[in-house]
Amino acid sequence: MATDLQTMPLDSQDVLGEINKYNFVTETHGIFKARKGLNEHIVSEISEMKREPAWMRDFRLNALKVFESKPMPRWGGAINIDFQDIYYYLKPTTHQGKTWDDVPQEIKETFDKLGIPEAEKKFLAGVKAQFESEVVYGSLSEDLAKKGVIFTDTDTAVREHGDLVREYIGTIIPPEDNKFAALNSAVWSGGSFIYVPKGVKIEFPLQAYFRINAERMGQFERTFIIVDEGAEVHYVEGCTAPMYSSESLHSAVVEIIVRRGARCRYTTIQNWANNIYNLVTKRAVAYGDSLMEWIDGNLGSRLTMKYPAVYMMEPGARGEILSIAFASKGQHQDAGAKVVHCAPHTKSRIISKSISKNGGRSSYRGLCKVQDGAVGSKSSVVCDALILDPRSRSDTYPYIEVEEQDVQVEHEASVSRIGEEQLFYLKSRGLTEAEASSMIVSGFIEPLVKELPMEYAVEMNRLIELQMEGSVG
Amino acid sequence: MTETLKISNLHVAVEGKPILSGVNLTIHRGEVHALMGPNGSGKSTLAGAIMGHPKLEITEGTIELDGRSILEWDTSERARAGVFMAFQRPMAIPGVKMADFLRHATTNVRYPSRKEGEQLIPMREFRKELREKMAQLRMDEEFARRYVNDGFSGGEMKRAEILQMAMLRPKFAVLDETDSGLDVDAVKLASQSIAEIGGAEMGILIITHHDRLLEHNVPDFTHVMLGGRIVETGGVELARELYTEGYDQVRARHPEDAAIEKEMTSIEKKVASGAA
Ligand SMILES: Nc1ncnc2c1ncn2[C@@H]1O[C@H](COP(=O)(O)OP(=O)(O)O)[C@@H](O)[C@H]1O
Ligand SMILES: [Mg+2]
């Protein structure tokens, strides 16, 4: 069995900022690869492979019909995907490891390189590592398992907690929501399923890491989180893929229920290669006095379209969305947030920061909706864009729908360019031009980065630095 | 041979408009020079030219550091070679903490051959030194955690500039109106600190309208700028004359330069009123 990790040489023309650490291909021998393309037969085959109950197969087949009937989104960026030229399912190994030693060597080495086992030792309460379509490793601290916490991959959840999954899947984001939610519903594989019982507060983060390795691969994880009354959880996901000349597709669906008085924080740090279409639907419903926070770091990808949402269903619910987008050459980040106030005295805050460089384009697209009767609700939206050079671009598309009088809705937007005077000032203190712009950028995102736990703040800063390093020329 | 910053026949233009026309000035390490002159006469432009501001075009003349022209050097290289300027209007860098910025700057200036991404001076060592310097300037420790010049009062900004100079220990420093915005006590402290930091080590060019900053930094030479040229050079007594009596006598002694000054500032006024 070949277990070599091959590091692809970087093209010297490649100034995309997607640097070595993530840009390697693992040679693997997947044990099952569905044929390229998408039709009822392939969808049934995926379901069979997974030995799913009939209800799940029917859910998939129905979603496929919805997918076929839906038009492409009319907003956002240009999507040039040939849906018949993608592998929808690739199973890399026979079973999921409970220790890293159970994981096939070459895949374990992949995650070693990405630093996952090390982080697990240091500061995580549980880990899921997904390689292509399947979760290949999973752990959860014993203590949490005893308290009734469920942290498993969604496939296992279908087998072991079928009733829960059947009751909730597609209730927050139905396949009809949008074309890519339908696609995910039809071909989903992997993802995390989390249940935090009443009153259980998980101190350390639970982390999932999603790795696409193969070319023309589609990754469609499906994540579901239920945080029961008064419980707390911080879930973190990281995503990477190596650079290929053809496109791959990542299209996840994340559904979250935050019950009365609970807190859920969902942090994403994605650093996709520049050929990935990243079209993700994420939505949470928050009940009385609960707090849902999305922290979303979008780096890399050809096109990202992602607008994490919070629906505030009962009085006192809060939603916070902090997002950072970094668009470099050949990249379009169409990212933003949605907050929907369905009940009185609900509160939301959106802070979005985008950086465009080297011809990159970032758009903030956000919805703030206050429904009739949601009296006393408050929403504040701040989006700041920083443009590093004249070739780059930034746009803001705020949608504000307020059906109630007695509310407070604020929206602020700013666009700035790195100023010559700022650069001169920093350079007069011995910083090079590149160091100076890096410093200005890290200062720009600092208000967001400081909300992250230390380890992720360090990671985020490092990723931004990598992006900045590619900036010459 | 003592180290020298030598400016010869310097002509500088901004967007095609000539501002400096033939400035000569030689500063040796260990000397204090005062540069005075009415607003708009070109003092900040000279400071900017020394530091290599990208908007300033050197149309004639040279600036040399120890006999080598620095005109082709990038601003960052000049800083690493020991040239410093305290800005009349320092820039805010939101989100960047003073301490982080200074640690980076200090490392680069002390180790001029450092490449991007290489190690910074150890945190502990740096903190200790920063704390000492801040105590010397009677700055609160909290200052190090604030974002560079972001929301600083005029006085805080100027003190931050002096702190930077203290950390970077330049060979040559241009202080551009570092006393403006400071109250009487603060200027006194600034004057003292500059003397302590500078001592015999630095060559200093102090741009000012007042005498207080000069109290502990008695100028060896005083220069008067008018209409883009240095029209007179004297000792400490010239500085005294200027801050007590203003610039009218200088104008009277140099009618041609005064005429140029008038022209420069009237264009400026026209532009200003046109924009309003
Ligand atoms: N960036 C600039 N763009 C256009 N004009 C400038 C610029 N900087 C300085 N000037 C002009 O140069 C002249 C000298 O300005 P300055 O050097 O700031 O004088 P001082 O510092 O002696 O008050 C003024 O007429 C000013 O309007
Ligand atoms: Mg000035």
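Data for the structure
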| read-out | value |
| --- | --- |
| Under the Debye formula (equal points on every Cα, no solvent term), log10 I(q)/I(0) of the stretch B:62-112 at q = 0.25 Å⁻¹ | -1.07 |
| P(r) tail fraction, the stretch B:2-86 - alpha-carbon pairs more than 14 Å apart, % | 62 |
| For the stretch A:183-273, alpha-carbon Rg relative to the globular expectation (2.2 N^0.38 Å, N residues) | 1.22 |
| Separation between Cα centres of the stretch B:120-174 and the stretch A:124-195, rounded to whole Å | 51 |
| Reduced Cα scattering model of the stretch A:341-445, Debye log10 I(q)/I(0), q = 0.18, 0.19 Å⁻¹ | -0.83, -0.88 |
| From the C-alpha gyration tensor of the stretch B:49-205, square roots of 5λ in Å | 25, 20, 15 |
| For chain A, size of Cβ-based charge dipole, Lys and Arg +1, Asp and Glu -1, in debye | 360 |
| Inter-label distance for B:GLU57 and A:MET49, nm, one decimal - labels placed 7 Å from Cα along Cα-to-Cβ | 6.6 |
| Signed unit charges on C-beta, dipole axis of the stretch B:66-213, positive-most listed residue B:ALA160, B:GLY95, B:PRO112 | B:PRO112 |
| For the stretch A:44-55, 3J(HN,Hα) per residue [Karplus equation, 6.51 cos²θ - 1.76 cosθ + 1.60, θ = phi - 60°, Hz, x = Gly/Pro] | 5, 4, 4, 4, 5, 3, 8, 6, 7, x, 4, 4 |
| Under-5 Å amide H pairs with A:GLY359, H placed in peptide plane, nonlocal only | A:ARG391, A:SER392 |
| Pairs of Cα atoms farther than 23 Å apart, the stretch B:134-267, % | 41 |
| Where N is the number of residues in the stretch A:99-226, Cα Rg divided by 2.2 N^0.38 Å | 1.09 |
| For chain A, calculated [θ]222 nm from helices alone, where every DSSP H run of n ≥ 4 adds -39500 (n - 2.57) | -7000 deg cm²/dmol |
| Karplus-derived HN-Hα couplings along the stretch A:142-149 (A = 6.51, B = -1.76, C = 1.60, θ = phi - 60°), whole Hz, x at Gly and Pro | 4, 4, 5, 4, 4, 7, x, 5 |
| Projected label distance in nm at B:GLU116 and B:THR244, using a 7 Å step from Cα toward the beta-carbon | 5.5 |
| Surface share of carbon and sulfur [accessible, 1.4 angstrom probe, percent] for the protein assembly as shown | 49 |
| For the stretch A:18-306, diffusion coefficient by Stokes-Einstein and Kirkwood Rh (Cα), 20 °C, 1.002 mPa s, µm²/s | 113 |
| Long-range HN-HN contacts of B:GLY30 with modeled amide H, under 5 Å | B:MET202, B:GLY203, B:ILE204 |
| Solvent-accessible area per residue, Å², over chain A with all protein chains present [probe radius 1.4 Å] | 37 |
| DSSP-assigned coil residues among chymotrypsin sites (Phe, Trp or Tyr not before Pro) in the stretch B:67-108, each with at most 10 further Cβ atoms within 10 Å | none |
| Distribution of pairwise C-alpha distances over the stretch B:40-140, 10 Å bins, in % | 12, 36, 34, 16, 2 |
| Rg(Cα) / (2.2 N^0.38 Å) computed for the stretch A:383-469, rounded to two decimals | 1.40 |
| Förster radius 35 Å - calculated FRET efficiency between B:GLU132 and B:SER153 (Cβ-Cβ, nearest 0.05) | 0.90 |
| Under Karplus coefficients 6.51, -1.76 and 1.60, residue-wise ³J(HN,Hα) of the stretch A:285-290 in Hz, glycine/proline x | 10, 10, 9, x, 6, 9 |
| Equivalent-ellipsoid semi-axes of the stretch A:284-331, from the Cα gyration tensor, Å, largest first | 30, 9, 5 |
| Of A:GLY138, B:VAL231, B:THR26, farthest towards positive along the dipole that unit charges on Lys, Arg, Asp, Glu beta carbons give the protein assembly as shown | A:GLY138 |
| Loop GluC sites (Glu not before Pro), the stretch A:376-420 (other Cβ atoms within 10 Å of the site Cβ: 11 or fewer; DSSP) | none |
| D (Stokes-Einstein, µm²/s), Kirkwood Cα radius, the protein assembly as shown, 1.002 mPa s at 20 °C | 74 |
| Long-range amide H partners of A:ALA273 with built H, under 5 Å | A:ALA241, A:SER301 |
| Whole-percent pair-distance distribution, where bins are 5 Å wide, for the alpha carbons of chain B | 1, 6, 12, 16, 19, 17, 14, 9, 5, 2, 1, 0 |
| Hull shadow area, averaged, the stretch A:287-393 [alpha-carbon convex hull, nm²] | 6.0 |
| Total charge dipole magnitude, the stretch B:124-177, about the Cα centre, Cβ charges on Lys, Arg, Asp, Glu only, Debye to nearest 20 | 300 |
| Assigned charges on the beta-carbon of Lys, Arg, Asp, Glu; the stretch A:217-276 dipole about Cα centre (debye) | 140 |
| Summed buried accessible surface, chains A and B, 1.4 Å probe, nearest 100 Å² | 2300 |
| Residues losing 40 Å² or more accessible surface upon assembly, the stretch B:35-79, compared with the chain by itself, 1.4 Å | B:HIS53, B:PRO54, B:THR75, B:SER76 |
| Low-density loop cleavage sites - trypsin sites (Lys or Arg not before Pro) in the stretch B:133-192, where at most 13 other Cβ are within 10 Å (DSSP) | B:ARG138 |
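The values are calculated or read from the model by the stated rules, or taken from the named source; none is laboratory data. Small disclaimer: the values here were computed from a predicted structure and weren't measured. FYI the Cβ positions are ideal-geometry reconstructions off the backbone, even for glycines, and counts take in every protein chain you see. Side chains included, ligands, DNA and RNA excluded: accessible areas come from the protein's heavy atoms. Shrake-Rupley method; radii C 1.70, N 1.55, O 1.52, S 1.80 Å.
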